[in-house]
Amino acid sequence: METEQNESSIEKFPFPLVDETGYLACFYCGKHIRHTPEENAVFGEEPYPFDRGHGICLSCGGDPRSTDLGTQLGLIGLVCCAVRFEIVRDNLTPQHQALFDALPDWKKIVASGFLIKGLLMKRRHKI
């Protein structure tokens, strides 16, 4: 038995994403959310990355409309960044660690991407 959904959702998906309650559960925290761009961070993604009844709330998946970097990244993005920051920091000299620590988060994110790629390439060539 299908629940009521807008026509574009029915065309894109062979089964209803929203269960009989009309809500999705956040895949990470379990919060109940509606399948709308205002509440589901993966709304409109094709192929849809989760099974029926699941999505990602904006707290976990990030809200691109926010002006705050932490809110834009969401809890999952912040956790990923924290892990990357730790990997990068552990591979820097104490002097460079202090410089890295002084950077704002958005610069750490950009620097981490380049530095991790460099670390992996360096390790690959040593083998």
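The values are calculated or read from the model by the stated rules, or taken from the named source; none is laboratory data. Note that the coordinates shown come from a computational prediction; the quantities given were computed from them, not determined experimentally. Heads up, the Cβs are rebuilt from the backbone with ideal geometry, glycines too, and the neighbour counts pull from every protein chain shown.
Residues in the stretch 50-73 that are part of a loop (DSSP other than H, G, I, E, B) and small (Gly, Ala, Ser): 53, 62, 66. Of all the criteria given as (1) among the charged types (D, E, K, R); (2) touching a Gly at 6+ places or on another chain (Cβ under 9 Å); (3) not assigned by TED's automatic domain parsing to the domain that holds residue 22, the one not satisfied by residue 39 is (3).
Can you tell me which residue in the stretch 89-110 is surrounded by the fewest Cβ atoms within 10 Å (Cβ to Cβ), limited to those that are of a type in the set (A, V, I, L, M) and either within 28 Å of residue 42 (Cβ to Cβ) or touching a Lys or Arg at 6+ places or on another chain (Cβ under 7 Å) (or both)? Talk me through it step by step, then tell me what you get.
Taking the stretch 89-110 first, the residues of a type in the set (A, V, I, L, M) are 92, 98-99, 102-103, 109-110.
Remaining after also requiring either within 28 Å of residue 42 (Cβ to Cβ) or touching a Lys or Arg at 6+ places or on another chain (Cβ under 7 Å) (or both): 109-110.
Numbers: 109: 17, 110: 11.
The residue in question is 110.
Within the stretch 17-39, is even one residue modelled with pLDDT under 80, aliphatic (A, V, I, L, M) and assigned to a loop (DSSP other than H, G, I, E, B)? Break it down stepwise before answering.
Within the stretch 17-39, the first condition is being modelled with pLDDT under 80, and the residues that meet it are 17-22.
Remaining after also requiring aliphatic (A, V, I, L, M): 17-18.
Then keep just the ones that are assigned to a loop (DSSP other than H, G, I, E, B); that gives 17-18.
Yes, there is a match, as at least one residue in the stretch 17-39 is modelled with pLDDT under 80, aliphatic (A, V, I, L, M) and assigned to a loop (DSSP other than H, G, I, E, B).
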